[in-house]
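Data block below; observations after.
No lab work stands behind these numbers, since they all come straight from the coordinates. All values derive from a computational prediction rather than experimental measurement. All Cβ positions, glycine included, derive from the backbone under ideal geometry; neighbour counts span all protein chains shown.
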Amino acid sequence: MKTKLLTLTLIASLGLVGCGSDDDDNNATLDIIETAQSDGRFETLVAAVTTADLVSTLQSEGPFTVFAPTDDAFTAYLTENDVTANELLASESLADILTYHVYTSQVLSSAAISVAQSNDNQIEMVNGDNLALSLTGDDLYVNLSKVIVADVTTSNGVIHAIDKVLTPPAASALSDTDSNIAELVTTLAGADSAEFTVLLEALVAADLAGALAGDGPFTVFAPTDAAFVALLEEQGLTKQALLASNDLSNILLQHVISGVAIDSVAAFAANGADVQTLNSAEEVTVEINEGALTIEGSTVVITDVQTSNGVIHVIDSVIFETDTVQ
């Protein structure tokens, strides 16, 4: 796998203005809204843009780049978030969601791919939030959404159809910026819907809780209790044997990145990168596959749990084997 340097700072804007915008052969006569209306795959998007009073904006001179979720993408979004189409259209966040799909310049796929292959692969969208462009094989991703139809040119920009609705980045409801990582794990381990009881026991057994209470910043990929149960079954171990293992500290340390709090968009931007962990002998590979973010094969199920000294991303399996640093 090609290793890409992980950019550890957020890129506010990439200066994409002009990339792919000089399209002398573009004879399109329909604007972005008219093109979407005539296509037949974007009925929900058109209804949402109309409800949010963004039609006149997307019919203005532009140029714009629109990453357009298909009707199937919206159907999946409604199911995943347990909302109806009417509830989505009535949501106070509708305009924010829609403008997160719009960039204020025309960017054709060739320019987007060039940015995705660079280290500065985050762009600022109309709503003010960053979005990551990356590649998995030959597929262009915007965050976790795959571009399935590229370069639908219009009279005032370009549309790229995507297979998932983009969600503006936001702190998880589990966040507590008054607590450090060790304190929040302790709190969540004692909650009614506890997910981190084994993780807390492991941190205490390995004498690492104090380290995660330090200044940081840290990024922690936190396995759930179910993830530890699965590991014990796979390895034929008891919990007591795992907690007493000489390898426990190194296993836990390869779930931690020190010196930076990597939010979800920065993680999406790192697609394809091998990232050094606190276990000096181990790296983890960040990948996006089929709309999911994985860390060394473990799927991230909750992102952006913010704390006073870093960020936690919850994963569904323990990172047990990694890429050893040569």
At what distance in nm do the modelled label points of V83 and D178 sit from each other, each positioned 7 Å from its Cα along Cα→Cβ?
2.8
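Take the alpha carbon gyration tensor of segment 130-244, find the square roots of its eigenvalues, order them as a ≥ b ≥ c, and report rounded if a/c is under 1.5; if not, report prolate when a/b exceeds b/c, else oblate. Numbers along the way, then the final one.
Details: a/c = 3.17, a/b = 2.09, b/c = 1.52.
It is prolate, given that a/c is not under 1.5 and a/b is the larger ratio.
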Footprinting proxy, K239, K146: sorted fewest to most Cβ within 10 Å, the residues are K239, K146
Using the Karplus curve 6.51 cos²θ - 1.76 cosθ + 1.60 with θ = phi - 60°, what ³J(HN,Hα) values do you get for each residue of segment 206-214, in whole Hz, with x for Gly and Pro?
8, 6, 10, 4, x, 5, 7, 9, x
Beta bridge orientation in the chain: antiparallel %, DSSP, nearest 5:
75
Quick check on segment 32-162: of the DSSP beta bridges with both residues there, what percent are antiparallel, nearest 5%?
75
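By the gyration tensor of its Cα atoms, with a ≥ b ≥ c the square roots of the eigenvalues, what is the shape of segment 181-324: rounded for a/c under 1.5, prolate for a/b over b/c, or oblate? Intermediate values should be presented prior to the final figure.
Values: a/c = 1.37, a/b = 1.19, b/c = 1.15.
Verdict is rounded for segment 181-324.
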Where in segment 50-67 is the amide nitrogen less than 15 Å from a point lying 7 Å along the Cα-to-Cβ axis of A28?
58-67
Which of N156, S175, T57, positive extreme of dipole for the chain (C-beta unit charges)
S175
Contact order normalised by residue count of the chain, Cα under 8 Å, 6+ apart, percent
19
Only bridges whose two residues both fall in segment 181-324 count here: according to DSSP, what percent of them are antiparallel, nearest 5?
75
When V305, V318 are ranked with the fewest other C-beta atoms within 10 Å first, the list becomes V305, V318
Spacing of the two label points (7 Å from each Cα toward its C-beta) at T238 and F320, in nm
1.8
Distance in nm between A230 and T187 label points, each 7 Å along Cα→Cβ, equals 2.7
Treating only the Cβ of Lys, Arg, Asp and Glu as charged (+1, +1, -1, -1), what charge dipole size does the chain show about its Cα centre? Round to the nearest 20 debye.
400
Say we join alpha carbon atoms closer than 10 Å with springs in a Gaussian network model of the chain; which of I148, I315, I262 then has the biggest fluctuation?
I148
For segment 32-162: rounded, prolate or oblate by the Cα gyration tensor [a/c cutoff 1.5]:
prolate
3J(HN,Hα) from dihedral phi, segment 156-171, Karplus parametrisation 6.51/-1.76/1.60, rounded to Hz, x for glycine, proline
10, x, 9, 10, 10, 6, 10, 9, 9, 5, 7, 10, x, x, 8, 5
